[in-house]
Amino acid sequence: MALMITDECINCDVCEPECPNEAISQGEEIYEIDPSRCTECVGHHDEPQCRKVCPVDCIPLHPSYVESRETLYAKYLRLTGQSGKGDGQQPLETQAVRE
Ligand code: SF4
Ligand code: SF4
């Protein structure tokens with residue numbers, strides 16, 4: 001599952017540099033997570049780094065992006081250019097999900 005940032009965010013800037021996938025950016029009012037880049041830190045760390053550092057605990061799981069650990073790991077491989085076990089799949093990095 002990707003994570004999301006709720007409107008409780010106080011824009012403290014702490015989480016953005018901790019994200020190994022560059023999934024966090026400043027939105028119009030608060031920070032946002034790009035679900036197409038969030039792997040819940042799978043592949044990089046044992047636990048979501050943004051959640052670890054957030055002082056107000058406002059980064060829950062995103063209910064619209066239910067993903068298994070295997071799916072998250074596959075996303076990690078795509079994002080790091082390691083995908084392709086002979087399946088002919090192209091990296092999906094450019095398919096940014098925007099609302
Ligand atoms: Fe980035 Fe990890 Fe937080 Fe997802 S869980 S936004 S990959 S730091
Ligand atoms: Fe917002 Fe939490 Fe990130 Fe700070 S660490 S910018 S409060 S989501």
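Brief remarks follow.
- The 3J(HN,Hα) values that the Karplus relation (6.51, -1.76, 1.60; θ = phi - 60°) gives for the range 8-20 are, in residue order, 7, 4, 9, 6, 7, 6, 6, 6, 3, x, 7, 6, x Hz. Gly and Pro appear as x.
- Gain on full extension, evaluated as 0.36 nm per residue between Ser68 and Thr80 minus their Cα-Cα distance, stands at 2.5 nm.
- Residue order for Thr39, Thr71, fewest other beta carbons within 10 angstrom first, comes to Thr71, Thr39.
- In plain terms, the residue of Tyr65, Tyr73, Tyr31 with the fewest other Cβ atoms within 10 Å comes first and the most crowded comes last, giving Tyr73, Tyr65, Tyr31.
- Cα shape, the range 29-71, gyration tensor, a/c 1.5 rule: oblate
- When Lys75, Lys52 are arranged by Cβ crowding within 10 Å, least crowded first, meaning fewest neighbours, the order is Lys52, Lys75.
- The Cα center of the range 62-83 and the Cα center of the range 1-39 differ in position by 16 Å.
No value in this document is a laboratory result; all are computed from the given coordinates. Nothing here was measured: the structure is a model prediction, and the numbers come from that model. Neighbour counts are summed over all protein chains in view; Cβ atoms, including those assigned to glycine, are modelled from backbone coordinates with ideal geometry.
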